[in-house]
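Below is one structure; the comments refer to it alone.
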Ligand code: AMP
Ligand code: MG
């Protein structure tokens, strides 16, 4: 198979998963548990918003035609009540933010632009009708769909649900993601490794990434580097909604993951991407339409596993979770030092993005096994595969960690 560019590989993930996904079933959760979940129903306004024309300032409700002028104050209206009269010619009603605009008035002049003398308010400037008023239904009309299925609910969405009286809401079930680390050298975190052994950190970083992306991680026992054991463990992994493997996808004699997946009848969409870390990344699917399972074979070096999850597997998981959008935000920042790389690969190099976000500094590291360096990074620099040299102050793309 030909190696894909980063953009081609990312496009393949989005296309294949969008085309082949089956949406999860849904459940009802309380408003307090809704944030971060993916909406599984359409939410419509249960009434006009605002339900009455409301003042957005503290000031005086007036008739715009009377301004500038001296107006007689005929009453007061606060949020939570209604003014029972009407504002007549050269009259004003004192009004608070959020209060309904009294009948007859068509503008609100903020208190800072008025002077008061007893029961008279003096306004020196003209005003357009509608000033400082939020008309009834201007934000949303009763029955209008405001939130759509596939939206991951944020705090503003929670406000919307609350405002429309929704104490419970329908959301998609979180996909279960099997995490299968491979490698004869890998031992469980609780074990004491020999010098030639390594603790299984990938399963745990992946579990954290899966949880953050809206999935439920299920860590399986480590697969030994034999066809038999890998077959048994992949068989278990394929029971989940998505299978993530770490390790065993390079060209080594004991890298058996692809061979075993092929035995399961897997279709491979890519098995090499021109990126670093993570070149041997694999993406494919086992089984036909409804019962099919997508899988990612992520290279085992910890940085490779973390980066390839973020740039490929996370999008797949979000789509399988029912989300409609799964953008990878890569804003621009200015390099604080000059930098070189060999062209041909899109590199994701550990970096520190300044607190304000505008500047980025590479973090010194010893390659894709260097987890301590990754803990000092809060982002990755994303190099252009066609550009070798960057000067200090040049713009470069950044992927936050
Ligand atoms: P592999 O992709 O199987 O060739 O693994 C490459 C390297 O990544 C191994 O030599 C280990 O150093 C490291 N590695 C593989 N799997 C894990 C894991 N589950 N946790 C931590 N490091 C790992
Ligand atoms: Mg291995």
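Does residue 335 satisfy the criteria of being under 28 Å from residue 13 (Cβ atoms) and modelled with pLDDT of 95 or more? Spelling it out, it is not the case that residue 335 is under 28 Å from residue 13 (Cβ atoms) and modelled with pLDDT of 95 or more.
Let's see how each residue does on (1) without any contact (Cβ under 8 Å) to a residue 40 or more places away in the chain; (2) over 12 Å from residue 20 (Cβ atoms):
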position	(1), (2)
266	yes, yes
270	no, yes
273	no, yes
281	no, yes
284	yes, no
297	no, yes
300	no, yes
308	yes, yes
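For the range 229-247, indicate whether the set of residues that are free of Cβ contacts under 8 Å to residues at least 40 places away in the same chain, within 16 Å of ligand 2 (Cβ to nearest atom) and over 19 Å from residue 293 (Cβ atoms) is non-empty. The answer is yes; a qualifying residue exists. Taken over the range 143-189, the criterion of being within 16 Å of ligand 1 (Cβ to nearest atom) and touching a strand residue (DSSP E or B) at 6+ places or on another chain (Cβ under 8 Å) is satisfied by 177, 178, 179, 180, 181, 182, 183, 185, 186, 187, 188, 189.
Looking at the range 105-127, can you tell me whether even one residue there is more than 23 Å from residue 86 (Cα to Cα) and surrounded by 13 or more Cβ atoms within 10 Å (Cβ to Cβ)? Scanning the range 105-127, I find no residue that is more than 23 Å from residue 86 (Cα to Cα) and surrounded by 13 or more Cβ atoms within 10 Å (Cβ to Cβ), so the answer is no.
Of the residues making up the range 1-32, just one is part of a loop (DSSP other than H, G, I, E, B) and in contact with a helix residue (DSSP H, G or I) (Cβ under 7 Å, 6 or more places away or on another chain), namely 21. The residue pairs whose first member lies in the range 166-189 and is under 17 Å from residue 306 (Cβ atoms), whose second member is more than 16 Å from ligand 1 (Cβ to nearest atom) and assigned to a loop (DSSP other than H, G, I, E, B), and whose beta carbons are closer than 8 Å, counting only pairs six or more residues apart or on different chains, are 177/215; 177/240; 177/241. One residue is enough: does the range 182-195 have a residue meeting the conditions closer than 18 Å to residue 28 by Cβ and away from ligand 2 (no atom under 16 Å from the Cβ)? No, the range 182-195 contains no residue that is closer than 18 Å to residue 28 by Cβ and away from ligand 2 (no atom under 16 Å from the Cβ). Number of residues in the range 292-318 that are surrounded by fewer than 24 Cβ atoms within 10 Å (Cβ to Cβ) and either in a helix (DSSP H, G or I) or near ligand 1 (Cβ under 9 Å from one of its atoms) (or both) equals 6. For the residues 40, 35, the requirement of being under 26 Å from residue 309 (Cβ atoms) and in contact with a helix residue (DSSP H, G or I) (Cβ under 8 Å, 6 or more places away or on another chain) singles out 35.
The values are calculated or read from the model by the stated rules, or taken from the named source; none is laboratory data. Just so it is clear, the structure is predicted and the values come from calculations on it, not from any experiment. All Cβ positions, glycine included, derive from the backbone under ideal geometry; neighbour counts span all protein chains shown.
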